[in-house]
Amino acid sequence: MDEKTKRHHYVPQFLIKNFTNKDGKILIYDKKKNVFFKAVPNNIFLEGDRNTFENFGGEKSDEIEKMYADLDSVFSKALQKIVNTGKMEVEDLRILLLFAYTQKWRVPQYDQALDEAINYYTVDNLGLGLKENGNVVDVKLEPFFNSMEMQETKRFLLALQPFRYKNDYKKIFKNSFLLSSPYPALLSDCPFREAQANTDIAFEDFIFPIHEQLTLVYAQRIDKYEFAKFTESEKYEIFIKNFSLSRDATAIYYADRFVGCSDDEYLRTVVKNYNIANNNEKLRKAIPMSVFCFINNYYNDEYNR
């Protein structure tokens, strides 16, 4: 009998390693206790038996964790290739986007949303179906997903929703790019941050730090090719500083508890500035959308002073 895993990372270790210092450690800020400490990737961003569920036979199973392990193997190879070569090919971007949306639904902060989705959506609603000779078979699959383990697979189906419809996927793919920054990104227990805009858009802009120097950005309201030209302008140095600081402020804002960084001094500076802003009602309300404001208004002098 295979030995079941117990230490289940909701932020994968291969990603955490991209935010560690030369000693292989990441400096962590615990925002609930207001303390700093150092950790190794194996000991942070995890829960015991998080992905252990009762299967169809009524036994405890870690098959969901094994599914994450298989996915992480694919994601880590693509990410390491990008980091090593400094280049991102078409297929690499496709994999990164799947990684981003999978990570979105993987963390504890989305557990309540998953519970609501489980009660609202069937697997049939989420696109799972059968075909025979190219024709859809009229069979409802939800009744077969009657164990906790099978219902948990809806996390994966929810992560696949941006890829189900051609126009949505084309838009996301077309408007996604990597942004490099000299300011070391913070990694939080909620790495994927989506704009909370008051619109009817199904899939909003997002940022997803994948390395201390690289952030995956989806920005549908700008032309990424025009933005690429802007990166060569005199204003870009100020922009990237504003972007990085607001990116890292949202990391703390959306974190349930932990945020980490490779750089001790930078993390402490961001935390100090965040706490000052968080104690100001007007500034506190602006934190969640600040990074998206900087992206969408990168050309505006008001945002580059």
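The values are calculated or read from the model by the stated rules, or taken from the named source; none is laboratory data. Computed from a prediction, not measured in an experiment: that's the story for all the values here. With ideal geometry, Cβ positions are generated from the backbone for all residues, glycine too; neighbour counts draw on all protein chains shown.
Just name the residue that is nearest to the chain's Cα centre (by Cα) out of those in the stretch 134-159 that are of a type in the set (D, E, K, R) and surrounded by fewer than 17 Cβ atoms within 10 Å (Cβ to Cβ).
So the residue we want is GLU142.
Against the definition (part of a loop (DSSP other than H, G, I, E, B) and surrounded by 15 or more Cβ atoms within 10 Å (Cβ to Cβ)), how does PRO184 come out, yes or no?
In short, yes.
For the stretch 72-98, which positions are touching a residue at least 40 places away in the same chain (Cβ under 8 Å) and under 16 Å from the mean Cα position of the chain (by Cα)?
Once the filter is applied, which keeps residues that are touching a residue at least 40 places away in the same chain (Cβ under 8 Å) and under 16 Å from the mean Cα position of the chain (by Cα), the stretch 72-98 yields ASP72, PHE75, SER76, LEU79, LEU93, ARG94, LEU96, LEU97, LEU98.
Collect the residues in the stretch 260-291 that are closer than 30 Å to VAL40 by Cβ, among the hydrophobic types (A, V, I, L, M, F, W, C) and assigned to a helix (DSSP H, G or I), keeping them in residue-number order.
LEU267, VAL270, VAL271, ILE287, VAL291 - these are the residues of the stretch 260-291 that are closer than 30 Å to VAL40 by Cβ, among the hydrophobic types (A, V, I, L, M, F, W, C) and assigned to a helix (DSSP H, G or I).
Among the residues of the stretch 36-62, which ones are assigned to a loop (DSSP other than H, G, I, E, B) and of a type in the set (Phe, Trp, Tyr)?
PHE45, PHE56
Looking at the structure I just gave you, is GLU91 modelled with pLDDT of 95 or more, surrounded by 15 or more Cβ atoms within 10 Å (Cβ to Cβ) and assigned to a helix (DSSP H, G or I)?
Against the criterion (modelled with pLDDT of 95 or more, surrounded by 15 or more Cβ atoms within 10 Å (Cβ to Cβ) and assigned to a helix (DSSP H, G or I)), GLU91 does not qualify.
Scan PHE45, PHE19 and give me the residue that is surrounded by 13 or more Cβ atoms within 10 Å (Cβ to Cβ), under 17 Å from the mean Cα position of the chain (by Cα) and on the phi > 0 side of the Ramachandran plot.
Result: PHE45 is the single residue among PHE45, PHE19 that is surrounded by 13 or more Cβ atoms within 10 Å (Cβ to Cβ), under 17 Å from the mean Cα position of the chain (by Cα) and on the phi > 0 side of the Ramachandran plot.
For the stretch 238-259, does any single residue satisfy the condition of being more than 23 Å from the chain's Cα centre (by Cα) and either at pLDDT below 95 or under 23 Å from LEU46 (Cα atoms) (or both)?
Yes, the stretch 238-259 contains at least one residue that is more than 23 Å from the chain's Cα centre (by Cα) and either at pLDDT below 95 or under 23 Å from LEU46 (Cα atoms) (or both).
Could you list, in sequence order, the residues of the stretch 244-257 that are of a type outside the set (Gly, Ala, Ser), touching a strand residue (DSSP E or B) at 6+ places or on another chain (Cβ under 7 Å) and surrounded by 21 or more Cβ atoms within 10 Å (Cβ to Cβ)?
Selection gives ARG247, THR250, ILE252.
Quick check: is even one residue across the stretch 279-291 within 17 Å of TYR183 (Cα to Cα), of a type outside the set (Asp, Glu) and in contact (Cβ under 8 Å) with a residue 60 or more places away in the chain?
yes
Give me the residue from the stretch 195-210 that is out of contact with any strand residue (DSSP E or B) (no Cβ under 9 Å at 6 or more places or on another chain) and not polar (S, T, N, Q) and, out of that set, farthest from ASN167 (Cα to Cα).
ALA197
So if I check each of LYS33, LYS22, which one is part of a loop (DSSP other than H, G, I, E, B) and within 24 Å of ASN278 (Cβ to Cβ)?
LYS33
For the stretch 114-125, give me each residue that is closer than 21 Å to GLU65 by Cα and surrounded by 13 or more Cβ atoms within 10 Å (Cβ to Cβ).
Selection gives LEU114, ALA117, ILE118, VAL123.
For ALA228, indicate whether it is touching a Cys at 6+ places or on another chain (Cβ under 9 Å) and either assigned to a helix (DSSP H, G or I) or modelled with pLDDT under 95 (or both).
Criteria not met by ALA228.
Only one of these is free of Cβ contacts under 8 Å to residues at least 24 places away in the same chain, more than 30 Å from ASP49 (Cα to Cα) and either of a type outside the set (Asp, Glu) or in a loop (DSSP other than H, G, I, E, B) (or both): SER244, SER233. Name it.
Going through SER244, SER233 in turn, just one is free of Cβ contacts under 8 Å to residues at least 24 places away in the same chain, more than 30 Å from ASP49 (Cα to Cα) and either of a type outside the set (Asp, Glu) or in a loop (DSSP other than H, G, I, E, B) (or both): SER233.
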